[in-house]
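First up is the structure itself, then whatever we jot down about it.
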């Protein structure tokens with residue numbers, strides 16, 4: 001530090017660039033460090049004491065607030081941020097590394113909090129906890145409450161973030177305010193009073209409002225300063241602008257002798273949203289009428305009573321807030337039939353209770369359907385509490401979007417980085433795979449521990465829909481996850497229509513609410529549906545089994561033709577119906593779709609024939625489903641040829657279901673897409689085929705015989721009788737999956753650094769030991785079509801895949817010099833640590849063959865029917881025990897690359 005800097009330290013807490021972004025700023029504002037720290041201390045003092053995890057927490061957080069920014073004067077710097085092309089974007093300021101200068105003679109834990117602020121990564125938090133546990137007094141706190149340090153750090157971070165956002169808004173730097181994506185709070189100004197700001201949620205005890213004073217020193221660049229900056233605009237050096245302005249600011253500070261003459265002072269009042277004060281206590285009937293416009297059925301009413309946690313009335317809000325029992329943590333397994341409104345039975349009480357609802361789904365394909373259903377209710381909910389923001393998060397791992405609704409409309413995001421909101425939402429839709437990643441704090445390094453913390457907050461409810469959908473490794477992880485949440489005292493709901501008894505026994509610690517097996521409850525639900533629909537045929541479906549159609553592996557075209565004829569005959573017998581036809585294989589679905597399409601000349605304005613399966617490009621699949629759902633909601637006719645991709649979670653109400661024969665649990669799910677609303681008098685289920693494909697079969701020989709016997713006896717579809725046929729092989733957990741889950745849990749939640757290596761490798765097996773690759777068809781557009789496929793589906797074999805021209809195996813890698821991810825040729829190593837991409841290019845010469853290989857035929861409406869053979873599986877000596885799978889890839893120059901991954905203990909057949 002120079003002599004002048006020692007004499008006049010840069011006592012800045014924050015820097016603001018009000019108005020439009022400009023290379024020549026007219027004014028720069030500097031918040032005094034003491035003003036910023038004083039406000040953070042004030043917010044900490046007002047924070048609800050019940051939120052602190054232990055008796056000693058408040059004093060530690062308060063001490064940390066006092067020292068958290070003492071290193072800022074030594075680390076201050078102005079920088080210029082540029083776009084990728086090198087053009088000026090905005091000025092920013094930096095205190096990089098200042099947190100490490102925080103020191104406390106009073107409390108080592110408080111010092112750790114001060115050093116930990118701004119990072120909030122799993123690595124940083126676990127390391128700090130490990131060090132703190134070396135002192136017995138701290139170990140006692142952390143053994144009792146493992147998340148105590150993280151919770152205290154979170155409170156410190158939020159107090160800091162709230163103060164920072166208010167300062168940005170007070171001093172008219174909206175861009176900087178909106179960029180604070182770590183914030184778990186929404187702050188808006190009172191439109192009628194510019195000294196009042198509203199915040200949601202309200203986390204302050206015994207307070208109706210909080211007053212905070214903000215001060216800023218004013219710097220107005222001189223004409224000489226502006227000329228200096230103008231010279232830098234054409235400078236080819238990327239950082240010239242930032243360095244120049246940094247020098248100008250520091251010279252100005254020296255000339256002012258650390259006491260600028262011009263300053264701005266403002267006092268603001270922070271209050272809860274008016275709509276929060278208006279919160280009322282709901283009954284199930286009132287809330288269902290307000291939000292959905294209908295009366296809850298007995299199952300929905302029962303679930304509302306089990307989940308709903310009343311909010312304080314306005315007159316009670318500030319008097320009894322600290323005394324409220326906020327520890328109602330339901331742990332429920334709900335069994336109810338498809339179409340009975342299970343989703344609403346959890347969503348509605350969660351919204352009424354102001355919970356953060358996380359909904360992990362079994363498949364990514366279900367997210368779009370759930371988004372449409374949930375969005376409808378969130379828009380309505382946003383009208384109940386005026387001007388209050390309600391948000392929906394969609395997290396698929398690679399993409400994370402946040403949708404905001406206010407007064408019944410979707411509103412535009414303010415932040416320039418919509419991906420970095422870190423589960424700040426009223427409802428979060430994700431998949432089991434991605435939820436496991438978040439549970440173990442995988443993602444962008446900085447702020448990564450935000451996910452575990454928000455998952456474990458008291459006001460979070462996790463609901464696993466279609467809980468019967470998991471098997472083998474997926475069920476092992478699912479069960480470990482549910483049990484760990486339960487043991488941590490979290491609010492958990494599992495919903496299912498067809499969960500086998502073998503799985504139910506593993507989940508016997510959950511309270512079971514059964515509207516299927518309990519005849520009294522199921523009778524109440526059925527009676528309610530009949531009375532509400534005013535029909536004498538709710539959910540009745542005629543049943544027919546065409547067992548004389550079989551699939552010959554040598555001549556599959558016979559099966560295609562006969563199955564297609566069943567579909568066509570049903571349409572012709574009564575045109576303009578809604579028909580869903582389901583088969584087990586993608587290849588069959590595509591072939592049947594082509595057969596049926598030949599019978600119809602679809603008018604572009606009356607598109608009613610659809611193909612939908614898991615190998616339709618990710619870019620197209622959501623839109624196809626949206627078209628189907630729109631026709632379904634308007635009772636317009638359609639024929640949908642599909643696979644099991646449609647059988648869970650999709651809200652369709654067809655009149656006819658035609659299904660290839662499948663296990664009973666799958667059949668029940670598929671039948672749930674037929675007469676789902678119980679308003680079709682002649683609904684029908686048709687079963688086709690005389691054997692279940694081996695890869696899909698869950699029945700042993702005796703189970704298969706009993707299943708056939710039941711099917712032959714049916715004239716109406718009988719869910720109860722078919723449910724009795726469900727049988728799965730007793731679940732044998734892969735010990736390696738159990739051990740890996742345990743290691744990751746011990747690292748993230750107990751700071752066991754001996755397990756850190758497992759987390760660093762990013763090794764988390766969610767459904768299979770077989771890693772996946774992204775298959776890309778490069779069609780010359782900016783947005784090539786992609787799907788995700790397991791690597792073992794891309795192996796050359798006698799009966800399977802073809803070796804197509806212009807197919808390349810690549811991988812993404814992080815280039816530290818450019819700080820960007822880039823593609824390169826596939827390299828040797830473990831597949832788990834690689835982001836593998838298989839690119840298929842069109843032949844530039846337009847020939848049918850290229851280098852002796854056929855060109856890959858890709859039709860967007862059919863999807864990726866064939867999969868390219870990219871890898872060779874090396875031969876293994878029969879006497880050799882192999883614990884790893886090895887795949888060989890040879891590039892266009894005949895260079896060999898071998899990738900490896902762990903071999904599964906057992907495998908089931910694969911869908912073709």
In the stretch 3-272, what % of DSSP beta bridges are antiparallel (nearest 5)?
85
If one compares the long axis through the Cα atoms of helix 621-633 with the longest principal axis of the Cα atoms of the chain, the angle in degrees, nearest 10, works out at 70
Can you bin the stretch 494-590 into rounded, prolate or oblate? Criterion: square roots of the alpha carbon gyration tensor eigenvalues sorted a ≥ b ≥ c, rounded for a/c under 1.5, prolate for a/b above b/c, oblate for the rest.
oblate
So for R0 = 30 Å, FRET eff. of residue 483-residue 459 from the Cβ-Cβ r, to 0.05, ends up at 0.85
Label-point separation, residue 797 to residue 506 (7 Å along Cα→Cβ), nm:
2.6
Modelled FRET efficiency - R0 56 Å, residue 136 with residue 294, Cβ distances, 0.05 increments:
0.45
List 871, 883, 804 from most exposed to least, where exposure is judged by having the fewest other Cβ atoms within 10 Å.
883, 804, 871
Inter-part distance where the stretch 329-380 and the stretch 28-45 are each reduced to a Cα centre, Å
41
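Using Cα-Cα distances under 8 Å and only pairs 6 or more residues apart, what relative contact order does the stretch 535-723 have, in percent? Working shown, then result.
On the way: 315 pairs, mean separation 62.7, N = 189.
Value for the stretch 535-723: 33 percent.
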Give the angle, between 0 and 90 degrees and rounded to the nearest 10, that separates the Cα long axis of helix 148-170 from the longest principal axis of the Cα atoms of the chain.
70
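How would you rank 433-446, 334-347, highest first, on the average number of other Cβ atoms within 10 Å across their residues?
334-347, 433-446
Sorted by mean Cβ packing within 10 Å, highest first, what order do the peptides 224-233, 422-431 take? Before the final figure, lay out the partial values.
Numbers: 224-233: 14.0, 422-431: 23.1.
Those peptides, ordered most packed to least, come out 422-431, 224-233.
When a/c reaches 1.5 or more, the comparison of a/b and b/c decides; with that in mind, is the stretch 654-707 rounded, prolate or oblate per its Cα gyration tensor?
prolate
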Would you indicate which of [x] -0.34, -0.68, -1.07; [y] -0.26, -0.54, -1.03; [z] -0.22, -0.49, -1.07 is the value of log10 I(q)/I(0) by the Debye sum over Cα atoms at q = 0.04, 0.06, 0.09 Å⁻¹ derived from the coordinates of this structure?
[z]
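Rounded to the nearest 0.05, what FRET efficiency do residue 48 and residue 24 have when you use their Cβ-Cβ distance and R0 = 35 Å?
Efficiency computed from Cβ-Cβ geometry: 0.15.
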What order do you get for 462, 568 when you list them from fewest to most C-beta neighbours inside 10 Å?
568, 462
Pull out the extension gain between residue 262 and residue 190, defined as 0.36 nm times the separation in residues minus the alpha carbon to alpha carbon distance; nm, one decimal.
23.2 nm
Row for the stretch 535-723, column shape: gyration tensor on C-alpha, a ≥ b ≥ c, rounded if a/c < 1.5 i.e. under 1.5, prolate if a/b over b/c, else oblate; value oblate
Percent antiparallel among DSSP beta bridges confined to the stretch 535-723, nearest 5, equals 5
The alpha-carbon center of the stretch 465-526 and that of the stretch 248-307 are separated, in whole Å, by 34
Among 158-165, 189-196, how do they line up from the highest to the lowest mean number of other beta-carbon atoms within 10 Å?
158-165, 189-196
Pairs of Cα atoms under 8 Å, at least six residues apart: use those to get the relative contact order of the chain, whole percent.
9
Ranking 506, 621 by Cβ neighbours within 10 Å, fewest first, what do you get?
506, 621
Helix 367-384 vs. the chain, principal-axis angle (Cα, 0 to 90°, nearest 10)
50
I'd like the antiparallel share, as a percent to the nearest 5, of DSSP beta bridges with both residues in the chain.
50
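Bear in mind that the values in this text are calculations on the coordinates, not laboratory data. None of the values given here were measured: they were computed from a predicted structure. Neighbour counts run over all protein chains shown; Cβ positions are idealised from the backbone, glycine included.
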